[in-house]
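Here, each number is a calculation from the coordinates, and none is a lab measurement. Values in this document were obtained by computation on a predicted structure and should not be read as measured data. No Cβ is skipped: glycine too gets one built from the backbone with ideal geometry, and neighbour counts run over all protein chains shown.
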Amino acid sequence: MEWGFRILNLRRGQRRPFLAALCVWLAAGPCEGRVFARWRAASDCGRVLTEAGGRLVYEADVSINGGDGRLAVFGFERHPEPVVDDLEKAFGAPFRRAGADSATARIESAGREIRLIAVALEDPNRTLVFALDQGAAEARRSRSAASFPDLDGVPPYPGAEPDTVMVNRETQTTLVIAETGAGPDAVRAFYDSALRAAGWNPAFPDTAGPGDRMAVYARGPRVCCVFAAQVAGSPRTQITVLHKKLAVK
């Protein structure tokens, strides 16, 4: 499955912790003008999104299932429907809509591939647009099968099927998205037990264990976030695991 559809698989009320984890994964500090210029040199995508009313909030070199690319995130102060309408006109390409609050598109041009995801935040009048710019060969690599990375004390859930492994090249933060037939509470209980046994401690004790929220654990300078939620319209559970080493000065 395309990496972007994993966000859309969750009900809107469940996207907040997923997007929070994604923003932690992305974060390498605010973008500067020189960074935006580098993005624009690779593609006109950033210019189109800015002219449509978007504001560049993050940008980073990334790897998705081993395929390298440049990921930018734009914020819009509007509902996704008019944002997507405008982007369809600007890019001259149709978006695949998942209800009224999210949509995706893939654009191929001059040997490059750009994948766009528009998704509503908790406030339906605010939209994030993720734009991944890759060469054609790297894009094909990103669509290949994923495998669980070695996250130093963070085991994969037994029998889970990894779908997407995203690495922020600037921070070396890893985000793993997988699916399992087990229920969300079973997944949370497994990680709570396994992480504690590996020396991790809940950073916020009231988030550990059962409940529809993201659990946060710490071990020295490392942080691990775990979120499990039922996929909309399916009995399967989506697992999101974020692993980040904090900079210690």
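Of note:
- Between ARG126 and ALA90, full extension at 0.36 nm per residue minus the direct alpha carbon distance yields a gain of 11.0 nm.
- Considering only alpha-carbon pairs that sit under 8 angstrom and 6 or more positions apart, the relative contact order computed for segment 62-124 is 25 percent.
- Fully extended contour minus Cα-Cα distance, from PHE204 to ARG47, at 0.36 nm per residue: 52.5 nm
- Considering all different alpha carbon pairs of segment 90-249, the Kirkwood hydrodynamic radius works out to 17.6 Å.
- Signed unit charges on C-beta, dipole axis of segment 115-162, positive-most listed residue PRO155, ALA137, ALA118: ALA137
- Taking only Cα atoms of segment 77-170, radius of gyration then Dmax in Å: 16.3, 47
- Amide N proximity, segment 156-196 versus ASP150 label position 7 Å along Cα-to-Cβ, cut-off under 15 Å: 156
- Placing +1 on the Cβ of every Lys and Arg and -1 on the Cβ of every Asp and Glu, with nothing else charged, gives segment 161-245 a dipole about its Cα centre of roughly 360 debye.
- Other-chain or far-sequence residues with amide H under 5 Å of ASP101's (modelled H): none
- Distance (nanometres) between label positions extended 7 Å along Cα→Cβ at VAL231 and ARG78: 3.2 nm
- For ALA160, neighbours were defined as the other residues whose beta-carbon sits under 11 Å from its Cβ, and their charges (Lys and Arg +1, Asp and Glu -1) total -2.
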